[in-house]
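Below is one structure, written out as structure tokens; the observations come after it.
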Amino acid sequence: MKLAARIAAPVAALALAGLTACAPQTSDNNSSEGDEKTGTLRVWLFQEVSNAPKQKVVDKVVSAFEKAHDSVRVKVEYIPVETRAQRVKAAFNDPKSAPDLIEYGNTDTAGYVKDGGLADVTTEFHDWSEAKDSDPTAKTSVTVDGRIYGAPFFVGVRALYYRTDVFDELGLEAPKSLDELTTAARTIRAAKPDLYGLVVGGAYTYGAMPFVWANGGEIAEGKGGSYASTIDSAAARKGIAAYTSLFGDDNCPAAKCASMGGNDTVTAFAAGKAGMAIGGDFSHAAVEAGKVKGRYAVVPLPGVKSGSVAPAFAGGNNVGVLKSTTHRTLAVDLMKRLASKETQGELFDAMGFLPTYTDVRAEAAEQEPFIEPFVKTLSSGTKFVPASPAWAQIDASLVLPTMFQEVVSGKKDVAEASKDAAEQMNDVFGTVG
């Protein structure tokens with residue numbers, strides 16, 4: 001039986017550590033005038049590697065919503081994750097062309113609130129019966145200074161996908177340390193030059209950062225009410241060197257891999273072009289739809305010590321109402337429908353997205369073995385980006401991807417690239433907070 005049909009069953013909750021943190025509220029809560037009950041609602045959701053299953057679930061929600069509101073129509077647009085910063089900033093600056101509802105990354109919350117773009121939905125969230133079962137840390141991902149600016153949509157972490165047929169043929173075992181991972185990657189590439197060993201991307205920040213975190217590095221640390229970058233620390237540099245060493249003819253040639261982002265690496269693995277890839281629970285549907293179906297397995301990405309797990313970025317997305325909407329009541333209703341237990345159960349069935357409700361996620365873990373390595377990764381300890389409105393600007397400026405790409409291309413060494421990245425981050429921390 002599908003999870004979505006059984007989500008009401010009472011089950012034990014799973015813990016999710018460190019999804020995000022609160023940031024100080026810096027914008028007031030002005031909302032647009034009027035609350036129209038007719039017309040068109042515009043929604044921006046993220047485009048996935050394999051988007052059809054997600055769209056099918058969303059279309060069902062939209063259809064039910066439109067039946068409940070005869071004089072309302074919903075227009076959904078799927079936008080690239082990589083260009084979201086520019087699109088959303090433009091929407092905040094031009095309310096007339098802005099959507100009513102958006103999907104956004106949990107790293108964006110503090111910045112979007114500071115920019116005055118998201119509506120405060122604290123009252124509606126607390127009045128929503130399903131909200132009480134939201135994982136506390138997922139709820140934190142929509143919270144700024146005690147106020148709520150959206151609804152958790154799904155949580156996600158990354159782990160190591162690997163080709164079981166290739167590993168069996170070459171007599172390899174799933175790597176238990178980062179050194180074993182590197183050795184396995186080069187062994188695969190040497191034996192099968194048509195494959196990347198471990199497909200990596202110079203623009204894949206959250207595939208790269210576990211190497212930094214596993215070596216004891218951090219992006220930044222709190223300092224004087226703000227943050228100071230530590231990406232140029234000795235520990236961080238060790239992790240940067242470990243990751244960037246994987247760009248070469250003996251694994252993933254820089255000419256092809258330097259520009260890859262996360263979706264690119266998952267696409268390559270799903271197409272049978274790599275022996276391993278770092279992908280999320282949310283990548284499951286795309287891999288299942290690819291050429292490697294039935295010929296892969298997933299384990300937690302290993303850490304430095306044998307048997308350890310590299311800290312993963314505690315990711316996830318939320319859905320929120322824009323402050324500029326002229327359809328607030330309708331937009332909040334659609335937000336709740338998209339983020340409901342039923343919809344999250346169906347998105348798990350369709351995409352492998354981990355639900356944000358403790359009871360629904362526990363049910364998912366019992367039903368589907370494939371999420372076990374992701375749940376283990378969550379329970380092993382995760383990391384997050386600085387909970388600062390500055391992060392949105394740092395992220396949009398591609399500071400970390402640029403750093404990795406400069407090293408990969410040979411333009412700068414690790415010390416120089418990380419020093420420059422730290423200085424850029426500190427400039428933003430100093431001006432934004």
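The values are calculated or read from the model by the stated rules, or taken from the named source; none is laboratory data. Keep in mind it's a predicted model, so treat the numbers as computed, not measured. Cβ placement follows ideal geometry from the backbone for every residue including glycine, while neighbour counts extend to all protein chains displayed. Accessible surface areas use protein heavy atoms only, side chains included; no ligands, DNA or RNA. Shrake-Rupley method; radii C 1.70, N 1.55, O 1.52, S 1.80 Å.
Of note:
- Cα long-axis angle, helix 234-244 against the chain (0 to 90 degrees, to the nearest 10): 80 degrees
- Residue of 275, 248, 146 that the Gaussian network model of the chain assigns the largest fluctuation, springs spanning Cα pairs under 10 Å: 146
- Which of 172, 213, 432, positive extreme of dipole for the chain (C-beta unit charges): 172
- Placing +1 on the Cβ of every Lys and Arg and -1 on the Cβ of every Asp and Glu, with no other charges, gives the chain a dipole of roughly 460 debye about its Cα centre.
- If both residues of a DSSP beta bridge must be in the chain, then about 65% of such bridges are antiparallel.
- The chain: angle of helix 328-338 to the longest principal axis, Cα-based, in degrees nearest 10: 40 degrees
- Summing +1 for each Lys or Arg and -1 for each Asp or Glu among the other residues whose beta-carbon sits under 10 angstrom from that of residue 233 gives -1.
- Cβ-based charge dipole, the chain, positive-most Cα from 101, 299, 234: 299
- Note on the chain: with a GNM built from Cα contacts shorter than 10 Å, the maximum mean-square fluctuation among 395, 168, 179 falls on 168.
- Cβ-Cβ distance of residue 431 and residue 86, R₀ of 25 Å, FRET efficiency by 1/(1 + (r/R0)^6): the value works out to about 0.80.
- Percent of C-alpha pairs per 5 Å bin, the stretch 188-301, short to long: 2, 12, 19, 21, 18, 12, 7, 5, 2, 1, 0
- Using θ = phi - 60° and Karplus 6.51 cos²θ - 1.76 cosθ + 1.60, couplings along the stretch 205-222 (whole Hz; Gly, Pro as x): 4, 7, x, 7, 4, x, 5, 5, 5, 5, 8, x, x, 9, 6, 7, 9, x
- Computed over the stretch 329-392, the P(r) tail beyond 15 angstrom holds 62 percent of alpha carbon pairs.
- Subtracting the Cα-Cα distance of residue 234 and residue 123 from 0.36 nm times their residue separation leaves 35.3 nm of extension gain.
- Most fluctuating residue given options 282, 269, 370, as computed from a GNM of the chain linking Cα atoms under 10 Å: 370
- Potential lengthening between residue 47 and residue 132 on full extension [0.36 nm per residue; Cα-Cα distance subtracted]: 27.7 nm
- Taking the Cα centre of the stretch 245-394 as reference, the dipole from Cβ charges on Lys and Arg (+1) and Asp and Glu (-1) amounts to some 380 debye.
- Charge tally in the Cβ shell below 11 Å around residue 432, where Lys, Arg are +1 and Asp, Glu are -1, residue 432 excluded: -1
- In the chain, taking the dipole from charged Cβ atoms about the Cα centre, the farthest positive-side position among 340, 122, 269 is held by 269.
- Computed over neighbours whose Cβ is under 12 Å from that of residue 54, the net charge equals -3, Lys and Arg +1, Asp and Glu -1.
- Heavy atoms of the protein chains alone define the surface here; on that basis the stretch 329-382 has 28 Å² accessible area per residue at 1.4 Å probe size.
- Length added when fully stretched, residue 379-residue 293, from 0.36 nm per residue minus Cα-Cα: 28.3 nm
- Accessible surface of the stretch 306-350, 1.4 Å probe, proportion on carbon and sulfur as whole %: 48 percent
- This model, with +1 at the C-beta of Lys and Arg and -1 at the C-beta of Asp and Glu, gives the stretch 349-433 a dipole about its Cα centre of some 260 debye.
- Modelled label positions at residue 36 and residue 192, each set 7 Å beyond Cα in the direction of Cβ, lie 5.5 nm from each other.
- Filter on 176/376; 139/383; 238/411; 75/341 - keep pairs with C-alpha separation over 26 Å: none
- Along its principal axes, the stretch 372-433 has C-alpha extents of 40, 31, 17 angstrom, given from the largest down.
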